[in-house]
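Worksheet: one structure, shown below.
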Amino acid sequence: MSDMTPKPNLSPSVEAQGGRGSAPVPATEHDDHLLHDDHHHEHHDQHWLWKYVFSQDHKQIAKQFLITGIFWAILGGTLSSLFRLQLGWPEGTMEWLKPILGGWVSEAGKLDPEFYLALVTMHGTIMVFFVLTAGLSGTFSNFLIPLQVGARDMASGFMNMLSYWFFFLSSVVMFSSLFIETGPAAAGWTIYPPLSALPQAIPGSGTGMTMWLVSMALFIVSQLLGGVNYVTTVINLRTRGMSMSKLPLTIWAFFLTAILGILSFPVLFSAALLLIFDRSFGTSFFLSDIYIAGQALSNQGGSPVLFQHLFWFLGHPEVYIVIMPAMGMVSEVLATNARKPIFGYRAMIGSLIGISLLSFVVWAHHMFVTGMNPFLGSVFMFLTLIIAVPSGVKVFNWLATLWRGNIRFTAAMLFAIGFVSLFISGGLTGIILGNATLDIQMHNTYFVVAHFHLVMGSSAFFGLFAGVYHWFPKMFGRMMDEKLGYIHFWLTFAGVYLVFMPMHYVGIAGFPRRYYAWTGFDAFSQFADMNKFISIAAIIAFLGQFIFIFNFFYSIFRGRRATQNPWNSTTLEWTAPIEPGHGNWPGEIPAVYRWPYDYSKPGSEVDFIPQNVPYSQTHSSNLPYERDMAE
Amino acid sequence: MNPQPEILSEKEVGLGWHPKRVLLILLIFSIVMMFAAFTSGYIVRRDEGNWREFDLPASLLINSILIALSSASMQWAYFSARKDELGRLKTGLVVTLVLGLAFLAGQYVSFGDLVAGNTYFGGADANPSGSFVYVLMGVHAFHLVTGLVFLAVVLRRALNYQVHSRAMLSIGNATLYWHFLGGLWLYLYLFLLLNH
Ligand code: HEM
Ligand SMILES: [Cu+2]
């Protein structure tokens, strides 16, 4: 335990509080759950099943989300490698995949076209929802919110546990759908009707689609249970002194992300419910005037565009649900490793709020080609382009934080810088697509694919990696290997640019997304080499991820042991023991006196002052107005 | 005022609400968004034409009165708990439960009236206009069932003397949720009256 002692001078109040222990509190009211805070310590020898499986401890639940997320990421990546094989080598044989894919590879060694659609659909669904929503928010909101706001656990540990198990159930259903005879859902991750509404439309519209909807319904329940918990914890369980204006930006990001989820996922639930009724109960919410195989269907009066409205009302906030946690973690990692306060703390909060508000009023930019009234289109275009403003504020502040910083290039820092780079590259094409006139040309081409893979897919993954490298010591009490981290970073960073940059070119030329075969079009044959190049880069970048996977699991068991505060960071989680037990702090919860970004404060003897150090202990560095607070 | 200042002083004040109250309010917001989606979908769909008009069963008015009454009895139970009048508290809860069940039964009867008026949920003769009515009523009824379960839990606690003036959290939350469900129904009813 000797390495647990904080370095002298660094976090005095932790030491001061060390021995006191929690004072027993008289219980007077049955209803009051705040009291449970102090009862937690009693459950020392729990059965392993309750400790590791049905745990209600937020740190354990975070790890469950992370491991499940990693599983899904590997699967999602594998699926993309499969369809990149098809796109890169359209004439090639897939005979050698027959042992794995079985009937999905034809006698002639060709990938089944229906299966190709299923692949892109499942890849999108898995990455957006299971990895970058559940795996990212689920992991880090769970892990960091209680630790950074100074709480013993989430507001409701039970609901938190349910949140994971609903996610698990949803995962099981989605995973099983991969193995059914007719294949998984194949209508794209946006599951537009009528393809998704008519079980007889294509093989993937049958049982696979039903399972998709069931799985997503469970997923939404999981998100809501998690989200209400995160918000409540931030509102109610902050430690003494942790006012909203002293919260780390991570917490602000998780908080607003959870609010977006609470307000937008129910709308997807509504849409899914109506779709289920259309599929199985003979309603016609999204169906009208349809002929299948020459037969007129009886469905009358529905509108597929209505589904798009409902879907994108969730869909657009969803992309910010994916990116905002990454933004928060990147802010934190950048400030810590540049040894500088985050530039424009309040502007960072303001821009997060701005993005959150705007994200609810731009959804129709995904629908410019649905024949909407051009005036309405220009309103949505205007609102969409305004998002560039808060996004620009954030980028400016990240760059200004780096500017003349005393930068430590840890693996987490590299990924954080990579995030900023990718967010800029991808954001720029967003501004192009936000213009209705340009979008009508570009819609449903690889240009859109390139846009959202840079700005959402890759960026959010980079945020996720930054978070894992940075908080791994707190999660597992050990360090990840930095050298492997560097190799992982450079492979991935070069990889994503090599994959997605060329997609812009083919996209501008009109190359359509979701096409199984493009060899029939003369216009696109010239891109044969480009496609091969993209595929090779994608597969190498994907294989590079196994360096991370190895590093991750190896370090859990064999990594170098971590110290209590390996990055010399200011936030509260680093004042907890190396591997915090149930209840997070053995003694009292530290109180907070200052904002989370006192790095390299002029006059201070150390280059960081944790949030729980009172001003009375830092006379040399106090600013004039802080002197009054030192009394 | 505050029963345990020692504990709360460990925390920032937040909004001054108990965490469970905050959880409930957030869940209510998510339910609101569900119905916002349904009703705005209804409007968008109607404005695109190919929309069949339908008659709203008169029985819905009776159901609306039932649920409004149940809100009143719930509020009465709440006040009784605050004044430690435990007998009235139990009566109030039982009356609310009965009225809630009566409302559900009434909705079921109204489904029958809808069918009798040739408004169907699905099938060849259905139009989204009518299907929407069933969805609105059905999803609301589902939430009402969760409200009834909540009420039953509070009633059990009341029978065990666990609800009184110094233990108001559970009945406070139940009251809030029940009023919300009643208000939601009145909104839906008004919405259908104005837009059918
Ligand atoms: C300046 C900011 C942004 C603007 C103006 C913008 C604009 C757009 C537009 C107009 C489209 C529709 C393209 C089409 O389908 O024809 C689009 C697609 C998309 N954007 Fe963005 N975007 C921005 C930032 C972001 C961010 C930050 C994310 C995610 C974190 C994101 C994720 C997506 C996704 C996932 C799609 C494609 C969805 C699909 O069709 O499958 N965008 N963007
Ligand atoms: Cu969007």
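The values are calculated or read from the model by the stated rules, or taken from the named source; none is laboratory data. This structure is a prediction, so every number in the text was calculated from the model and none was measured. Counting neighbours? That spans all protein chains shown, and the Cβs are built from the backbone with ideal geometry, glycine included.
Numbers for the structure displayed
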| quantity | calculated |
| --- | --- |
| Filtered residues of region B:140-196 (kept if under 25 Å from B:Lys83 (Cα atoms) and among the polar types (S, T, N, Q)) | B:Asn160, B:Gln162, B:Ser165, B:Ser170, B:Asn173, B:Thr175 |
| Among residues of region A:340-357, those that are within 16 Å of ligand 1 (Cβ to nearest atom) and not aliphatic (A, V, I, L, M), counted | 3 |
| Helices (runs of 4 or more DSSP H) wholly inside region A:432-549 that include at least 2 residues being under 29 Å from A:Phe382 (Cβ atoms), more than 16 Å from ligand 2 (Cβ to nearest atom) and away from every other protein chain (no Cβ under 14 Å) | A:436-442, A:482-508 |
| Top-ranked residue of region A:248-295 - restricted to ones that are in a helix (DSSP H, G or I) and among the polar types (S, T, N, Q), ranked as surrounded by the fewest Cβ atoms within 10 Å (Cβ to Cβ) | A:Ser280 |
| B:Phe132 part of a loop (DSSP other than H, G, I, E, B), out of contact with any strand residue (DSSP E or B) (no Cβ under 8 Å at 6 or more places or on another chain), aromatic (Phe, Trp, Tyr) and surrounded by 19 or more Cβ atoms within 10 Å (Cβ to Cβ) | no |
| Hits in region B:36-46 - residues which are within 7 Å of chain A (Cβ to nearest Cβ) and either within 16 Å of the chain's Cα centre (by Cα) or buried (at least 17 other Cβ atoms within 10 Å of the Cβ) (or both) | B:Ala37, B:Phe38, B:Gly41, B:Arg45 |
| Checklist (1) within 9 Å of chain B (Cβ to nearest Cβ); (2) more than 25 Å from the chain's Cα centre (by Cα); (3) crowded, with 22+ Cβ neighbours inside 10 Å; (4) not acidic (Asp, Glu) applied to A:Gly227, failing item | (2) |
| Selection within region B:103-148 - more than 20 Å from B:Leu184 (Cα to Cα) and of a type in the set (Val, Ile, Thr) | B:Val115, B:Thr119 |
| Tally of residues being part of a loop (DSSP other than H, G, I, E, B) and surrounded by fewer than 24 Cβ atoms within 10 Å (Cβ to Cβ) across region A:105-151 | 6 |
| Identity of the residue in region A:306-328, within 8 Å of another protein chain (Cβ to nearest Cβ) and among the hydrophobic types (A, V, I, L, M, F, W, C), that ends up farthest from the chain's Cα centre (by Cα) | A:Leu306 |
| Hey, B:Glu53 surrounded by fewer than 20 Cβ atoms within 10 Å (Cβ to Cβ), within 14 Å of chain A (Cβ to nearest Cβ) and farther than 30 Å from A:Ala591 by Cα or not | yes |
| Subset tally (residues that are crowded, with 18+ Cβ neighbours inside 10 Å and more than 14 Å from ligand 2 (Cβ to nearest atom)) for region A:350-371 | 3 |
| Test for A:Thr283: is it within 26 Å of the chain's Cα centre (by Cα) and of a type in the set (S, T, N, Q) | no |
| Whichever residue in region B:135-151 is within 15 Å of B:Ser170 (Cα to Cα) and loosely packed, with under 14 Cβ neighbours inside 10 Å and, among such residues, is nearest to the other protein chains (Cβ to nearest Cβ) | B:Thr146 |
| Number of the condition not met by A:Ser331 [criteria: (1) surrounded by fewer than 23 Cβ atoms within 10 Å (Cβ to Cβ); (2) small (Gly, Ala, Ser); (3) more than 14 Å from chain B (Cβ to nearest Cβ); (4) more than 16 Å from ligand 2 (Cβ to nearest atom)] | (1) |
| Tally, over region A:304-339, of residues that are acidic (Asp, Glu), within 14 Å of ligand 1 (Cβ to nearest atom) and in contact with a Ser or Thr (Cβ under 6 Å, 6 or more places away or on another chain) | 0 |
| When residues of region A:366-388 are limited to those that are within 14 Å of chain B (Cβ to nearest Cβ) and among the aliphatic types (A, V, I, L, M), the one nearest to ligand 1 (Cβ to nearest atom) | A:Met367 |
| Close pairs (7 angstrom Cβ cut-off, 6 or more residues apart or separate chains): at the interface with another protein chain (Cβ under 7 Å from one of its Cβ atoms) in region B:23-35, crowded, with 19+ Cβ neighbours inside 10 Å and not in a helix (DSSP H, G or I) anywhere | B:Leu23/A:Ala155; B:Leu23/A:Ser156 |
| Extreme residue, farthest from A:Val330 (Cα to Cα), among residues of region A:372-393 that are under 22 Å from the mean Cα position of the chain (by Cα) and within 14 Å of ligand 2 (Cβ to nearest atom) | A:Thr384 |
| Odd one out for A:Phe360 among (1) more than 10 Å from ligand 1 (Cβ to nearest atom); (2) more than 14 Å from chain B (Cβ to nearest Cβ) | (2) |
| Pair list, Cβ < 9 Å and 6+ apart or interchain, from region B:167-179 residues that are more than 10 Å from chain A (Cβ to nearest Cβ) and under 12 Å from B:Arg21 (Cβ atoms) to residues that are in a helix (DSSP H, G or I) and of a type in the set (Lys, Arg) | B:Leu176/B:Arg21 |
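Matching residues to (1) at pLDDT below 50; (2) touching a helix residue (DSSP H, G or I) at 6+ places or on another chain (Cβ under 8 Å):
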{"position": "A:Arg20", "(1), (2)": "yes, no"}
{"position": "A:Asp32", "(1), (2)": "yes, yes"}
{"position": "A:Leu35", "(1), (2)": "yes, yes"}
{"position": "A:His43", "(1), (2)": "yes, no"}
{"position": "A:Tyr52", "(1), (2)": "no, yes"}
{"position": "A:Ile61", "(1), (2)": "no, yes"}
{"position": "A:Leu75", "(1), (2)": "no, yes"}
{"position": "A:Phe83", "(1), (2)": "no, yes"}
{"position": "A:Gly92", "(1), (2)": "no, yes"}
